[in-house]
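To start, the structure itself, in structure tokens.
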Amino acid sequence: MEPTEQISEGMVLGLLAEAQDGWLSGEALSDKLGLPRVAVFKQIDGLRAKGYRIELLPRRGYRLVAMPDRLTALELSPLLTTEELGRTVHAEDEVDSTNDVARRLADDGAPHGTLVVAESQRHGRGRRGRAWVSPPGKNLLFSLVLRPDLPPVRAPELTLVAAVAVAEVLRDAGFEARIKWPNDVLLEGRKVAGLLTELCVEGATVRWAVLGIGVDVNAPRSAFPPELVETATSLAIVRGEEVPRVFLLATLLASLEAWLGRHEAEGFAPVRERWIELSATLGAKVRAEGVEGVAVDLAEDGALLVRDASGTIRRVVAGDVEPA
Ligand code: BTN
């Protein structure tokens with residue numbers, strides 16, 4: 001396909017997605033695109049062939065009814081409300097790990113906000129050397145290249161920023177999301193999203209950070225390996241119906257951009273405040289890194305503060321938190 005046709009298809013989608021009551025006349029489309037009516041019709045036909053359902057009614061015009069559940073720039077771009085995140089997209093069918101692709105792109109100078117998204121990963125990576133397993137075409141697997149203006153010691157804040165941004169999107173969509181320290185997003189006490197941040201530090205600056213996010217969106221219970229069946233879940237399992245991934249991705253990028261911007265402008269304090277409100281860990285009896293007690297607070301630097309049996313406040317800075 002000619003690149004110009006791709007641009008027009010994306011523009012047609014953008015205009016249909018923005019249309020006030022959903023309807024846009026053929027005339028309005030042709031005016032806004034600067035294309036003759038017959039060319040607009042060709043674009044609509046092309047989109048239909050790609051799986052878009054577009055209705056046409058006399059006197060009303062066109063209306064976008066359904067989109068294919070695919071994660072490419074064509075689907076995502078018309079839904080983006082961000083300025084930087086996702087404005088450069090690398091959408092792949094299968095990769096080793098979206099974090100690995102993003103790291104390479106970051107090393108090669110990819111701009112802040114570059115998005116790598118894949119339908120499946122051969123070697124998806126989780127925190128602490130674990131694997132991240134996800135059935136193809138069901139979930140969200142993506143990584144963002146970030147170029148934060150932060151000293152390396154403050155870089156761990158980024159994952160907490162992202163956890164807040166993800167949890168808020170899920171809550172806005174009607175899910176009771178909470179955050180388990182440091183950055184697992186939970187629904188009904190089970191993990192639904194995980195975050196993996198990787199850094200390249202040069203001297204006193206962060207050259208780039210890659211923020212990798214996996215959200216279990218439409219995975220059925222049967223897709224989880226036996227060891228995760230009791231501890232993990234997906235949005236579809238909780239809701240009882242599938243959730244459109246491309247809308248969710250666009251909303252996640254908007255929330256991430258807003259929270260990263262807030263973090264840059266106001267520092268960690270507002271993030272910490274929201275993290276505390278959303279926490280599933282504070283107030284619970286926990287065991288982590290040889291410390292056992294009640295989780296009482298999140299420190300100014302993101303460490304978990306735990307009061308042990310002797311009343312001493314102990315700092316937990318890494319590792320997994322388990323119920324005690
Ligand atoms: C964790 O909770 O252990 C972190 C999981 C992070 C998984 C995501 S999926 C997209 C990106 N690519 C990876 O290989 N990992 C992250």
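Observations on the model:
- Within the stretch 263-302, the set of residues being charged (D, E, K, R) and without any contact (Cβ under 8 Å) to a residue 40 or more places away in the chain comprises 266, 273, 277, 285, 287, 289, 292, 297, 300.
- Meets criteria (closer than 30 Å to residue 136 by Cβ, open to solvent by 80 Å² or more (accessible area, probe 1.4 Å) and touching a Gly at 6+ places or on another chain (Cβ under 8 Å)) for residue 94: no
- The one condition from (1) open to solvent by 60 Å² or more (accessible area, probe 1.4 Å); (2) within 15 Å of the ligand (Cβ to nearest atom) that residue 232 does not meet is (1).
- Any hit, the stretch 254-263, residues being in the same structural domain as residue 187 (by TED's automatic domain parsing) and over 23 Å from residue 194 (Cβ atoms): yes
- Lone unmet requirement of (1) more than 21 Å from the chain's Cα centre (by Cα); (2) over 28 Å from residue 138 (Cβ atoms); (3) not hydroxyl-bearing (Ser, Thr, Tyr) for residue 83: (1)
- Residues that are open to solvent by less than 30 Å² (accessible area, probe 1.4 Å) and farther than 18 Å from residue 23 by Cα, drawn from the stretch 36-55: 39, 46
- For the stretch 276-286, the criterion of being open to solvent by 50 Å² or more (accessible area, probe 1.4 Å) and part of a loop (DSSP other than H, G, I, E, B) is met by at least one residue.
- Filter result for the condition that a residue is within 16 Å of the ligand (Cβ to nearest atom), crowded, with 18+ Cβ neighbours inside 10 Å, in contact (Cβ under 8 Å) with a residue 12 or more places away in the chain and not charged (D, E, K, R), over 243, 210, 206: 210
- Residue 299 meets the conditions (1) within 30 Å of residue 52 (Cα to Cα); (2) not assigned by TED's automatic domain parsing to the domain that holds residue 217; (3) not basic (Lys, Arg) in every case but one. The failed one is (1).
- Answer from 28, 102 - the residue that is in the same structural domain as residue 209 (by TED's automatic domain parsing) and open to solvent by less than 40 Å² (accessible area, probe 1.4 Å): 102
- Every residue from the stretch 172-200 that is under 18 Å from residue 144 (Cα atoms) and either surrounded by fewer than 17 Cβ atoms within 10 Å (Cβ to Cβ) or not aliphatic (A, V, I, L, M) (or both): 183, 184, 194, 197, 198, 200
- Some residue of the stretch 87-105 being on the phi > 0 side of the Ramachandran plot and either touching a strand residue (DSSP E or B) at 6+ places or on another chain (Cβ under 8 Å) or within 15 Å of the ligand (Cβ to nearest atom) (or both): no
- Exclusive hit being touching a Ser or Thr at 6+ places or on another chain (Cβ under 9 Å) and either surrounded by 14 or more Cβ atoms within 10 Å (Cβ to Cβ) or farther than 26 Å from residue 207 by Cα (or both), set 80, 115: 115
The values are calculated or read from the model by the stated rules, or taken from the named source; none is laboratory data. Computed from a predicted model, the values in this text were never measured in an experiment. Glycine gets a Cβ as well: all are built from the backbone with ideal geometry, and neighbour counts include every protein chain shown. In case anyone asks, the SASA skips ligands and DNA or RNA and just uses the protein heavy atoms, side chains included. Shrake-Rupley method; radii C 1.70, N 1.55, O 1.52, S 1.80 Å.
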